[in-house]
Amino acid sequence: MTLSRHDYLRAMGIDTWQLKNTSAAIPDDWDGLRREVAACTACPLHHGRSQTVFGTGNPHARLMVIGEAPGAHEDRQGEPFVGAAGQLLDAMLAAIQLSRRDVFITHLLKCHPPENHAPLPAEIAQCTPFLARQIAHVKPDLLLAVGRIAAHHLLNTQMPLDTLREKTHHYGETRIPVRVTYHPAELLRNPADKVHAFMDLQQVWRLL
Ligand code: SF4
């Protein structure tokens, strides 16, 4: 079954998307945080990076999208989710009438792990205070964890991704709602799961 954006929006009775307070000033230390990340040498990943990947999009977004770590293309371009997986993420957002300018997209880690190794616990522990500060500044209404590793960190659990996708969770003491979906790279390997991912995005839209 192929579901278009129009199908979803019509089924949900959605007409427009409201951005949150886009005229507000960016918090004073947002740029300082960006500089801190760019200069960080706290874990060994800084040795192999071309540049850090801070994140992209609206620093006042209602939705933050969080993946696990920059890939090689992202390391070269300094942007999260580029290449084929990035195009698929863009399509997933477009299905609920959003673009990457409307949301804020980042990763647990800000540096590319060589050989695309899965983020190590020590790397996550060292780097995710930056993510926590980004979340504190953006103050999103909803976090979307894409992929198992991001979900496990945000929710402090090891439960299977398919189990986590089924409900709304909450992040830390702030209790920001969290939804979970597949990583776009995983969807490229298993296209049959795309329809489930778009259903996850429907839930995101409903919560927003
Ligand atoms: Fe610093 Fe994070 Fe890069 Fe490690 S991955 S060097 S903690 S910015």
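Derivation of every value follows stated rules applied to the coordinates shown; laboratory data play no part. Just so you know, these numbers come straight off a predicted model, no measurement behind them. So basically every Cβ, Gly included, is an ideal-geometry build from the backbone, and we count neighbours across all protein chains shown.
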* Structure fact -> At R0 = 35 Å the Cβ-Cβ FRET efficiency linking Glu36 and Thr157, nearest 0.05, sits at 0.75
* To do: In square nanometres and to one decimal, what's the mean projected area of the convex hull around the Cα atoms of the range 97-140?
  => 4.1 nm²
* So which aspartates and glutamates pass the test for Lys139, namely a Cα distance under 19 Å, with those fewer than 8 places away in the same chain ruled out? -> Asp28, Asp29, Asp31, Asp102, Glu173
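May I ask what percent, to the nearest 5, of DSSP beta bridges between residues of the chain are antiparallel?
Antiparallel bridges make up about 30 percent of those DSSP assigns within the chain.
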* So what does log10 I(q)/I(0) come out to for the range 35-134 at q = 0.21, 0.23, 0.24 Å⁻¹, using the Debye formula with one equal point on every Cα and no solvent? -> -1.06, -1.23, -1.31
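Tell me, what is the FRET efficiency for Ser50 and Gln87 to the nearest 0.05, using R0 = 22 angstrom and their Cβ-Cβ distance as r? Could you put the intermediate results ahead of the total?
Values: r = 21 Å, r/R0 = 0.96.
Between Ser50 and Gln87 the formula returns 0.55.
Only Cα pairs under 8 Å and at least 6 apart count here; give the relative contact order of the chain as a rounded whole percent. Can you show the working numbers first?
Numbers: 333 pairs, mean separation 48.1, N = 208.
Taking the mean separation of contacting Cα pairs over the length of the chain, I get 23 percent.
Quick one, what does Rg over Rh come out to for the range 127-203 if you take C-alpha atoms and the Kirkwood Rh? Walk me through the numbers before you get to the answer.
Working: Rg = 12.6 Å, Rh = 12.9 Å.
The Rg/Rh ratio comes out at 0.97.
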* Diagonalise the Cα gyration tensor of the chain and give the resulting equivalent ellipsoid semi-axes, square root of 5 times each eigenvalue, largest first, whole Å. => 26, 20, 16
* Structure fact -> Calc'd 3J(HN,Hα), the range 167-184, phi into Karplus 6.51 cos²θ - 1.76 cosθ + 1.60 (θ = phi - 60°), Hz, glycine/Pro = x, comes to 8, 8, 10, 9, 9, x, 6, 6, 6, 5, x, 10, 10, 10, 9, 6, 6, x
* Asked: Using helices alone, what [θ] at 222 nm do you get for the chain, with -39,500 (n - 2.57) per DSSP H run of 4 or more residues, divided over all residues and rounded to the nearest 500?
  -> -12000 deg cm²/dmol
* **For the range 52-67, Karplus couplings with θ = phi - 60° (6.51, -1.76, 1.60), whole Hz, Gly/Pro x** => 7, 10, 6, x, 8, x, 8, x, 10, 5, 7, 10, 10, 9, 10, x
* Using only the Cα atoms of the range 80-159, construct the convex hull and provide its projected area averaged over every direction, in square nanometres to one decimal. => 6.1 nm²
* Pop a pseudo-label 7 angstrom from the Cα along the beta-carbon direction at both Glu173 and His117 and give the gap in nm to one decimal. => 3.3 nm
